[in-house]
Amino acid sequence: MTDFLGNADAGRGLDDDHADWYAFLSTWHHLHGDMPLTAQELRADAETEYEGPDRWKGTFLTTATGKPLTAKSLGKTLAGQVDRWRSDVVLRAEVDAHTKIKVYKVERNADPT
């Protein structure tokens, strides 16, 4: 028999992951609506001018050392999150018909079920 709440730390990690993704996707949708972006375009959007405001308000995905992901790492990370609902937002992906590059967009649903 396992201890009651013996895996609570693992559950908290999942809650933190969900909250981080929700914040990231919500901010993305706020900034860009449902406009499709490549990982490279999205990564460039995370750049701030010297001492300028952070449009992402700290929600952009980062490495363990706190630096924003590279475009390549971001693309791989996004690919693993496609079609996974985070509360009322979901990441979608498709290949641009003209450039043949994968693009991502965030959709928001008022009634996620």
Residues of region 85-111 satisfying the condition of being part of a loop (DSSP other than H, G, I, E, B), surrounded by fewer than 12 Cβ atoms within 10 Å (Cβ to Cβ) and touching a strand residue (DSSP E or B) at 6+ places or on another chain (Cβ under 8 Å): Asp96, Asn109
Positions within region 31-54 being in a loop (DSSP other than H, G, I, E, B), open to solvent by less than 40 Å² (accessible area, probe 1.4 Å) and closer than 19 Å to Val106 by Cβ, in sequence order: Gly33, Thr38, Ala46
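The values are calculated or read from the model by the stated rules, or taken from the named source; none is laboratory data. Computed from a predicted model, the values in this text were never measured in an experiment. Here Cβ is always computed from backbone atoms with ideal geometry, including for glycine, and neighbour counts include all displayed protein chains. Protein only, heavy atoms only, side chains kept; ligands, DNA and RNA dropped before computing areas. Shrake-Rupley method; radii C 1.70, N 1.55, O 1.52, S 1.80 Å.
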